[in-house]
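Note sheet for the following structure.
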Amino acid sequence: MSEKLKEALSAAVDGEADEFELRRVIDEAAKDAGLRDTWERYHLVSAVLADRASDASIASRQALKSRIWESLDYEGANAEEAVAEAPAGAPKAGMPLWMGRAVGFAVAAGVAVAIMFGSGVLDETPTGQVATLDVQEVPPSDADMTRSDAYMMHHVQHTALNSSGVLSFVKVVTYDRGESQR
Amino acid sequence: MAQDTDKELVRRVKKGDRAAFDLLFSRYQQKIQHLVARYVRDSDEVLDVTQEAFIKAFRALPKFRGESQFYTWLYRIAVNTAKNHLVARSRRPPGVDVDIADGEYMDGGEYLQDSDDPQSTLARDQLREAIDDAIAALPEDLKTAVTLREFEGLSYEEIAVVMECPVGTVRSRIFRAREAIDDRIKPMLSGRAVRR
């Protein structure tokens with residue numbers, strides 16, 4: 001570390017270094033931990049003289065810097081992990097955008113076909129056999145209808161009085177129309 | 001101009017230069033911690049809030065357009081982080097708000113000083129004493145230059161006018177004064193344990 005460089009560092013601390021010097025100081029500081037430590041001590045002296053430094057701030061300066069980088073690195077690692085675990089169709093670093101879209105389309109098409117087969121849409125065998133079994137339709141008696149009507153009216157009135165929106169009123173109107181048609 | 005140093009450092013950080021962020025951190029850590037101590041009394045919490053403020057600043061730096069000075073922007077982040085911390089802890093922020101622009105001139109270190117243990121306070125006082133001794137032992141021209149710079153905040157050009165010498169001489173004198181102070185404090189700082 002040359003005297004000239006350290007003098008430029010001192011000037012940079014005060015914002016008095018010229019553009020070329022400043023760049024050189026920062027370039028060298030990136031490579032030289034000793035230069036960074038000197039920079040830190042110069043600022044520390046200023047803070048102490050201005051009564052802005054507490055013992056906690058003096059003692060914690062290295063630990064604090066480490067904690068900040070640990071935290072930022074942890075976030076960075078998690079972000080990279082998230083990219084690595086992204087869905088197969090998501091474009092990855094180095095993969096052209098069109099290829100990412102093509103992969104996404106292929107995956108979506110595959111899932112759609114799987115659902116169609118799984119749900120029996122393409123299956124020729126009827127799956128609703130239980131529902132199509134012969135069921136004897138027995139007309140309800142008048143007593144059943146009266147009791148059912150009473151339950152229904154009670155239900156819709158309760159719903160209308162105890163909930164917001166217009167849906168419950170629609171039910172009442174619909175029911176009443178059915179009632180009048182009978 | 002001081003902000004030119006900040007501008008260059010910010011530009012480097014935006015390009016992914018971690019060392020540049022280290023330099024920014026070293027440049028403002030004491031000031032930010034001092035500012036945070038104005039809001040938060042517990043020294044451990046001060047560390048946490050300071051850490052969070054710098055992390056937020058690092059994350060937000062790509063969006064910093066340089067329309068305001070960097071330190072003003074950083075101070076605002078620190079103040080907001082401290083206030084949010086107090087709200088999260090269900091404590092009210094100080095009734096009198098802190099003027100961001102005056103942040104570096106505020107006296108707020110007493111909170112930390114109160115909570116420091118005697119051993120640590122002794123170390124801090126020793127550091128101050130060593131710096132004062134080093135300045136007192138300087139030749140008169142170096143002492144005047146560094147005093148005008150550190151205590152009065154004068155620019156090199158202003159100091160040159162006061163001392164009736166070229167700006168280059170002022171720059172050299174301040175550097176030599178700093179070297180003398182640094183020689184005195186370096187052994188004290190290198191052996192200090194980190195308290196956490």
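The values are calculated or read from the model by the stated rules, or taken from the named source; none is laboratory data. Keep in mind that what you see is a predicted model, and the values were worked out from it rather than measured. Backbone-built Cβ (ideal geometry, glycine too); neighbour counts: all protein chains shown. Just the protein is used for accessible areas: all its heavy atoms, side chains included, with ligands, DNA and RNA removed. Shrake-Rupley method; radii C 1.70, N 1.55, O 1.52, S 1.80 Å.
Some notes on this structure:
- Cα gyration tensor shape for segment B:1-93, rounded if a/c is under 1.5, else prolate or oblate: prolate
- In this label model, residue A:18 and residue A:71 are separated by 4.1 nm, measuring between points 7 Å along each Cα→Cβ vector.
- Potential lengthening between residue B:56 and residue B:125 on full extension [0.36 nm per residue; Cα-Cα distance subtracted]: 21.6 nm
- Loop GluC sites (Glu not before Pro), segment B:1-96, which have at most 16 other Cβ atoms in a 10 Å radius of their Cβ (DSSP): B:67
- Cross-linked pairs A:6/B:56; A:6/A:65; A:65/B:14: Cα-Cα separations exceed 25 Å for A:6/B:56.
- Separation in nanometres of the label points that stand 7 Å from Cα toward Cβ, at residue B:165 and residue B:136: 2.3 nm
- Taking A:51, B:4, A:32 and ordering them by how much accessible surface each has at a 1.4 Å probe, largest first, produces A:51, B:4, A:32.
- List A:42, B:71, ordered by accessible area with a 1.4 Å probe, largest first: B:71, A:42
- Using a Förster distance of 25 Å, the FRET efficiency for residue A:4-residue A:31 (Cβ separation, nearest 0.05): 0.90
- Across B:155, B:90, the residue with the most accessible area heads the list, and the full order at a 1.4 Å probe is B:90, B:155.
- For segment B:126-167, the square roots a ≥ b ≥ c of the C-alpha gyration tensor eigenvalues yield an a/c of 1.5 or more together with a/b not exceeding b/c, which makes the shape oblate.
- Rounded accessible area of residue B:87 (nearest 10 Å², 1.4 Å probe): 100 Å²
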